Amino acid sequence: MKTKITLNLLFLGLFTLSAAASDTEKSTYYSPAQMSEEVKAVVQNKCFGCHNTDSKNDKAKEDLDFKTFDTLTNLKKVSAYKKIGDVLNENEMPPKKFLDHYPDKKLTDAEKKLLMDWAKTEAEKLVKGM
């Protein structure tokens, strides 16, 4: 009986630690299944610093928060994907003022195209599913 209780407590503890670890991982980086490794790399290296819940840039995280993106309704996701495409197409992201301080965050033409194509494809999938 003691062995059974001990094993149950051990499994409960391991389950709790495992859940806590996965929650921590989820909250540090946006990585939905629909994002290719290439897109994830660009988002992580060029966008995530400002566009996440923990950012000090309130406007950026209010406009787009990659940590909470999956919690949006499909309609809001479609809108967000459209906005991503629009600001990239209009060369508004990253902002010039930001790039003056962090020139390494400038998107290459290939990275911009990759993000725009990703946003368009994901928006189209969601619209078809509505």
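Where a number appears in this text, it was derived from the coordinates with a stated rule and is not lab data. For clarity, every value in this text was computed on a predicted model and none was experimentally measured. For neighbour counting, all protein chains shown are included, and Cβ atoms are generated from backbone atoms with ideal geometry for every residue, glycine included.
Among the trypsin sites (Lys or Arg not before Pro) found in region 29-94, those both in a DSSP coil and sparsely packed, with 11 or fewer other Cβ atoms within 10 Å of their Cβ, are LYS56.
Ranking of ASP100, ASP70 by neighbouring Cβ atoms within 10 Å, starting from the fewest: ASP100, ASP70. Extension gain for GLU37-LEU126 works out to 30.0 nm (0.36 nm per residue, less the C-alpha to C-alpha distance). A straight chain from LYS113 to GLU62 at 0.36 nm per residue would run longer than the Cα-Cα distance by 16.0 nm. Note on region 32-129: the alpha carbon radius of gyration divided by the globular reference 2.2 N^0.38 Å gives 1.03. Label-to-label distance for LEU75 and GLU90 is 2.3 nm, based on points extended 7 Å past Cα in the beta-carbon direction.
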